[in-house]
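Visitor: First the structure, then my questions, so here it is.
The values are calculated or read from the model by the stated rules, or taken from the named source; none is laboratory data. The structure displayed is predicted, hence computed values, not measured ones. Cβ coordinates were reconstructed from backbone atoms using ideal geometry, including for glycine residues, and neighbour counts include every protein chain displayed.
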Amino acid sequence: MVRNIDEMKSGEEIKFCKPKSYEFIRALKHGGTGKTILMRDTIINETFVCKKYEPEQEEYRDEFYNRFVDEIKIMYSVHNNNIVRIFDYFLYPKNKTGYIIMENIEGRDIDEYFQFEEGEHINSVFVQIINAFAYLEQNKILHRDVRAGNVLIDNSGTVKIIDFGFGKKLNVDEIDERASILLNWPASQIPREIWEEVYDVKTEIFYVGYLIKNLIEKYNIDCFKYSILLDKMITVQPNERIGSFELLQKEIAEQTFENINFTEKQKIIYQNFATDFCNLLCKIKDSLVVERDTSVIVEKLKEVLRDNALEKYISQQTKLINIFIKSAYTYYEKQILVDNVRQFYDFFVKQTNGLREIILNNLYGRVGNIPVVDSIYDEELPFN
């Protein structure tokens, strides 16, 4: 029976008469928890990868099914150019099976890529991987299955992290997570915390670092320029290892910034804006979460400048702050010249995406010096 939309109630189930169908192209790799195929949507003429949940070990079907559902939840929660995109899913709980429909990535895994590429291509891949895992860290997600086959590079040179079958979304009050798997590394290459059944962000950093290190040594790559950072990532003792992917981003930005020939005028424009911006911020609440999408930043800066076209100073400081800062914060009522923001916009918009990311990493490195406070102990509360 067809229902009139005006008669429907909130929470009422919506059923479509005919599910979408696809054209089979070919089978892809089989994994321990299922198989994948390449298929085409004939209406829009786009290809997709479809992953079916079908574990080889039948006794683990129920346990792995829950992981499969968690994988869907994680993939739907991430929106990043360096992470595989999910388009749809189908679940059949009674049969303990299901399907995930994802973007088709035409390219190679990182092992094959490092075998044939060199120079800045290698360095770019490393930076993109760090950016992807920094995004996951910001969103409290652990991948927990860092291996060459799960790091793809498409034909345009863009990194895509895939397969979140062992992924974990951390709760706010979780500090670390019990190690669920031991990867196929030699015992000499296993971080110490694994023996205590701990797998946290620092563990992820270790495995990412060793993946890169092993490939560099395997193919005798001599153009890699982040060797010092790599050493900080693969220290076996966790207390001696670099603490976060965001810190890695900051160090990459600082190293790269030194090698880029920005003009003195451009440096002054950046420094004026960065100083004004950071002087606005008083405290960051709970944790620092920032905007990484450069296209979003450009559009929102344009909007702020349009709204203040006739003003000398930015009229609403929070609109400017919210372009870059996604977490809660407190701020000072300070005046910022519209002209300083306009000069920064003109400088920023003319840069390539790679240079924009470097500029942002430097800005966020400064923001990282703003005090971070726990909301439940915030002094603005009436009582504790």
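Visitor: Looking at segment 68-80, can you tell me whether even one residue there is more than 20 Å from R147 (Cβ to Cβ), polar (S, T, N, Q), touching a residue at least 12 places away in the same chain (Cβ under 8 Å) and in contact with an Asp or Glu (Cβ under 7 Å, 6 or more places away or on another chain)?
Guide: no
Visitor: Quick one: in segment 329-367, of everything that is under 25 Å from the mean Cα position of the chain (by Cα) and closer than 15 Å to T275 by Cβ, which residue is modelled with the lowest pLDDT? Step through it out loud before you land on a result.
Guide: In the first step, residues of segment 329-367 are kept if they are under 25 Å from the mean Cα position of the chain (by Cα); the result is 329, 345, 348-367.
Keeping just the survivors that are closer than 15 Å to T275 by Cβ gives 359, 362-367.
Details: I359: 89, N362: 82, L363: 89, Y364: 85, G365: 77, R366: 83, V367: 86.
Out of the qualifying residues, it is G365.
Visitor: Note down all Cβ pairs under 6 Å where the first residue falls in segment 17-36 and is surrounded by fewer than 14 Cβ atoms within 10 Å (Cβ to Cβ), the second is modelled with pLDDT under 85, and they're at least six residues apart or on different chains.
Guide: G32/E56
Visitor: Name the single residue, out of those in segment 194-212 being of a type in the set (D, E, K, R) and at pLDDT below 85, that is farthest from the chain's Cα centre (by Cα).
Guide: E196
Visitor: On to the next question. Considering only segment 79-116, state which residues are assigned to a loop (DSSP other than H, G, I, E, B) and under 22 Å from E46 (Cα atoms).
Guide: Of the residues in segment 79-116, the ones assigned to a loop (DSSP other than H, G, I, E, B) are 79-82, 84-85, 96, 104-106.
Passing the criteria: H79, N80, N81, N82, V84, R85, N104, I105, E106.
Visitor: For residues that are among the aromatic types (F, W, Y) and in a loop (DSSP other than H, G, I, E, B), scanning just segment 4-57, find the one that is nearest to I100 (Cα to Cα). Walk me through it before giving the result.
Guide: Our first condition is that a residue be among the aromatic types (F, W, Y); within segment 4-57, this holds for 16, 22, 24, 48, 53.
Retained after the next criterion (residues that are in a loop (DSSP other than H, G, I, E, B)): 16, 22.
Values: F16: 19, Y22: 13 Å.
Looking at the filtered set, the residue picked out is Y22.
Visitor: Sticking with this one: Quick one: F224 ticks every box in (1) assigned to a loop (DSSP other than H, G, I, E, B); (2) without any contact (Cβ under 8 Å) to a residue 40 or more places away in the chain; (3) farther than 12 Å from K202 by Cα bar one, so which box is it?
Guide: All conditions pass for F224, except number (2).
Visitor: Then there is this: Name the single residue, out of those in segment 247-266 being of a type in the set (D, E, K, R) and modelled with pLDDT under 90, that is nearest to D346 (Cα to Cα).
Guide: E264
Visitor: Among the residues of segment 215-233, is any touching a Pro at 6+ places or on another chain (Cβ under 6 Å) and closer than 20 Å to V151 by Cα?
Guide: So far as segment 215-233 goes, no, none of its residues is touching a Pro at 6+ places or on another chain (Cβ under 6 Å) and closer than 20 Å to V151 by Cα.
Visitor: In this structure, is N220 over 26 Å from V289 (Cβ atoms) and either in contact with a Cys (Cβ under 8 Å, 6 or more places away or on another chain) or at pLDDT below 90 (or both)?
Guide: Considered against the rule, which asks whether it is over 26 Å from V289 (Cβ atoms) and either in contact with a Cys (Cβ under 8 Å, 6 or more places away or on another chain) or at pLDDT below 90 (or both), N220 comes out as no.
Visitor: For residues that are of a type in the set (A, V, I, L, M) and either assigned to a helix (DSSP H, G or I) or not assigned by TED's automatic domain parsing to the domain that holds F347 (or both), scanning just segment 276-316, find the one that is surrounded by the fewest Cβ atoms within 10 Å (Cβ to Cβ). Outline the logic, then answer.
Guide: Looking only at segment 276-316, we keep the residues that are of a type in the set (A, V, I, L, M), and these are 280-281, 284, 288-290, 296-298, 301, 304-305, 309-310, 314.
Filter again for either assigned to a helix (DSSP H, G or I) or not assigned by TED's automatic domain parsing to the domain that holds F347 (or both), leaving 280, 296-298, 301, 304-305.
Working: L280: 20, V296: 11, I297: 20, V298: 15, L301: 20, V304: 19, L305: 18.
My answer is V296.
Visitor: Could you tell me whether any residue of segment 65-74 is more than 23 Å from L142 (Cα to Cα), buried (at least 16 other Cβ atoms within 10 Å of the Cβ), in contact with a Leu (Cβ under 8 Å, 6 or more places away or on another chain) and not assigned by TED's automatic domain parsing to the domain that holds G167?
Guide: Within segment 65-74 (the criterion being more than 23 Å from L142 (Cα to Cα), buried (at least 16 other Cβ atoms within 10 Å of the Cβ), in contact with a Leu (Cβ under 8 Å, 6 or more places away or on another chain) and not assigned by TED's automatic domain parsing to the domain that holds G167), the answer is no, since none of the residues qualifies.
Visitor: Next question, about the same structure. Only one of these conditions is not met by F383: (1) of a type in the set (F, W, Y); (2) assigned to a loop (DSSP other than H, G, I, E, B); (3) at pLDDT 95 or above. Which number is it?
Guide: All conditions pass for F383, except number (3).
Visitor: If you don't mind, another one. Given (1) within 27 Å of V372 (Cα to Cα); (2) without any contact (Cβ under 8 Å) to a residue 40 or more places away in the chain, where does A274 come up short, assuming only one miss?
Guide: (2)
Visitor: Something else now. Can you pull out every residue in segment 317-345 that is farther than 19 Å from D286 by Cα, basic (K, R) and outside any helix (DSSP H, G or I)? Please lay out each step first, then the result.
Guide: Step one: filter segment 317-345 for residues farther than 19 Å from D286 by Cα, giving 317, 319-320, 333-345.
Narrowing the set further to residues that are basic (K, R) leaves 319, 334, 342.
Scanning segment 317-345 gives a single hit, K334.
Visitor: Can you find, within segment 227-254, the residue that is farthest from E217 (Cα to Cα) among those that are more than 21 Å from the chain's Cα centre (by Cα) and among the polar types (S, T, N, Q)?
Guide: In this case the residue turns out to be N239.
Visitor: Continuing with the same structure: With the requirement that a residue be within 16 Å of V296 (Cα to Cα), surrounded by fewer than 18 Cβ atoms within 10 Å (Cβ to Cβ) and among the β-branched types (V, I, T), what does segment 324-354 give you?
Guide: Selection gives V349, T352.
Visitor: Separate question: For segment 121-155, give me the residue count where each residue is in a helix (DSSP H, G or I) and either of a type outside the set (F, W, Y) or free of Cβ contacts under 8 Å to residues at least 24 places away in the same chain (or both).
Guide: The total comes to 18.
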